[in-house]
Amino acid sequence: MIRELSDGEFPEAGALAAAAFREDPGFSFIISDDARRRHRLPSIFEAMLRVDAETGGRVSGAFEGGALIGVSSVIRAGLENPGIPDWIKHLPTLAWFALDPAAMLRGLALINAVEERRPKDSDYVHIIAVHPATQGRGIGAALLADAIKKSSGSVYLETFSRANVPWYEQRGFRVVMEIGSPVRPTFWTMRR
């Protein structure tokens, strides 16, 4: 079953997304140390999911037997990227960034590189995450199909994992651009 998350489910959704993205090249770039990444990613993902929901995004969970096993966040076409005011109330959760300014700067640079390419005329699949213990069972495909079904037209996403590109292509997406850089990980923008 896929449904929108309730307010009390965001901490669990943040932890699930953190587990799914722990080895992701983008998040490994932001927080290079695995132990720190494991500790910090849940707060980043919970804040991201909350900001997405608070600014008009659709944050959904995939459930099996009452357990959350996947999460998605989709920003509707026409919505602006969240700004600093949208993040202010989440600063207590993310205060650790002040103690790691290099991670904060890497994160801001990566966010800027991604957000400047996002087309405003497409729904944006910001996050699709499946708990590692339940990956490979079609949960990600179901979350993506749900996002596409509820979209207002074209759908856009990006991935920092080259291995994900064929998976998305099998679901009707095509690569728009491969964005490389000598200072941050390569990512692929895709549209359907």
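Rule-based calculations on the coordinates, nothing more; no lab input. What you are looking at is a predicted structure, and each value in this text was computed from that prediction instead of being measured. When we count neighbours, we look across all protein chains shown, and the Cβ atoms used for this are built from the backbone with ideal geometry, even at glycine.
Structural remarks
- Each of 6, 152, 112 was scored by the projection of its Cα onto the charge dipole of the chain, and the greatest displacement toward the positive side belongs to 152; charges sit on the C-beta of Lys, Arg, Asp and Glu.
- Unit charges at the beta carbon, dipole of the stretch 2-191: most positive-side option, 170, 42, 15: 170
- Distant-in-sequence amide contacts of residue 186, defined by a placed amide H-H separation under 5 Å and a gap of 5 or more residues or a different chain, comprise 181.
- Relative to the Cα centre, the charge distribution of the stretch 2-191, modelled as +1 at Lys and Arg Cβ and -1 at Asp and Glu Cβ, gives a dipole magnitude of about 320 debye.
- Positive minus negative residues near residue 69 (Lys, Arg vs Asp, Glu; Cβ under 11 Å): -1
- Amide proton proximity set for residue 69, modelled H, under 5 Å, gap of 5+: 62, 63, 64
- About its Cα centre, the stretch 1-74 has a charge dipole of approximately 160 debye under the convention of +1 per Lys or Arg Cβ and -1 per Asp or Glu Cβ, with nothing else charged.
- 3J(HN,Hα) couplings calculated from phi for the stretch 90-103 with the Karplus curve 6.51 cos²θ - 1.76 cosθ + 1.60 (θ = phi - 60°) are, in sequence order, 9, 4, x, 5, 9, 4, 4, 4, 5, 8, 9, x, 5, 5 Hz; Gly and Pro show x.
- Efficiency of FRET between residue 112 and residue 64 - r from beta-carbon atoms, R0 30 angstrom, step 0.05: 0.25
- Charge sum, other residues only, whose C-beta stays under 9 Å from residue 155's C-beta, Lys/Arg counted +1 and Asp/Glu -1: +1
- Distance (nanometres) between label positions extended 7 Å along Cα→Cβ at residue 171 and residue 79: 1.8 nm
- Taking a Cβ cut-off of under 15 Å around residue 23, the surrounding Lys, Arg, Asp and Glu residues balance to a net charge of +3, with basic ones at +1 and acidic ones at -1.
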